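Take a look at the structure below.
Here, each number is a calculation from the coordinates, and none is a lab measurement. In this text, all values refer to a predicted model and were calculated from it rather than measured experimentally. Note: ideal-geometry Cβ built from the backbone for every residue, glycine included; neighbour counts use all protein chains shown.
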Amino acid sequence: MVAEAVQTDVVLIKELMRDYVKTIKDGDMEGWLSLWVPEGKQMAAGAPARMGREAIREGNRPLLELFTTVLRIHPDELRILGDHAYTHGNYDYAMTPKEGGEAITGSGKFLTILQKQEDGEWKFAIDCFNDNAPPEAL
């Protein structure tokens, strides 16, 4: 019974991560923000921590408004610890300016903490990531 519940949570978390990638590609700010707990924290390299959905919105507005971004996430580990989980791994991306121009590419690593909600849904609580090197134009 416990193993089945954990497997269900693994499936739900993988769906959450697919939704994260899809909403970024679609430029769907509201859909993307809905994947976060209201008090979520985003810790990107070279920027102060963004605390709460509104700060996360403002910090990511240029990304979603100015670029079409294809992000690929490659988790190395996913561990569920009760109503929290963590995952870490690598990512790569290509950001193409919506007004035209060469794509900007990069890759990096991440550590993400997820939180299970009362309804059983998982959401992003803390997302920490940084590129391996400065982004490059194609």
query = If you scan region 55-74, which residues turn out to be more than 14 Å from the chain's Cα centre (by Cα) and either surrounded by 12 or more Cβ atoms within 10 Å (Cβ to Cβ) or of a type in the set (Lys, Arg) (or both)?
reply = Ala55, Arg61, Leu66, Phe67, Thr68
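Tally the residues that are surrounded by 12 or more Cβ atoms within 10 Å (Cβ to Cβ), in contact (Cβ under 8 Å) with a residue 12 or more places away in the chain and aliphatic (A, V, I, L, M), restricting the search to region 31-54. Write out each step before concluding.
Taking region 31-54 first, the residues surrounded by 12 or more Cβ atoms within 10 Å (Cβ to Cβ) are 31-37, 40-44, 49-53.
Adding the requirement that they be in contact (Cβ under 8 Å) with a residue 12 or more places away in the chain leaves 31-33, 35-37, 40-44, 51-53.
Filter once more, keeping what is aliphatic (A, V, I, L, M): 33, 35, 37, 43-44, 51.
Final tally of qualifying residues: 6.
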ask   = Taking Thr105 and the conditions (1) farther than 30 Å from Glu4 by Cβ; (2) in a loop (DSSP other than H, G, I, E, B), which numbered condition does it fall short on, given that it satisfies the others?
value = (2)
ask   = Hey, Thr8 hits all of (1) within 17 Å of Lys109 (Cα to Cα); (2) outside any strand (DSSP E or B); (3) of a type in the set (Ser, Thr, Tyr) but one; which does it fall short on?
value = (1)
ask   = Only one residue in Glu58, Glu39 is part of a strand (DSSP E or B) and charged (D, E, K, R). Which one?
value = Glu39
inquiry  = The conditions are (1) of a type outside the set (A, V, I, L, M); (2) without any contact (Cβ under 8 Å) to a residue 12 or more places away in the chain; (3) surrounded by 12 or more Cβ atoms within 10 Å (Cβ to Cβ), and Tyr86 fails exactly one of them. Which is it?
reply    = (2)
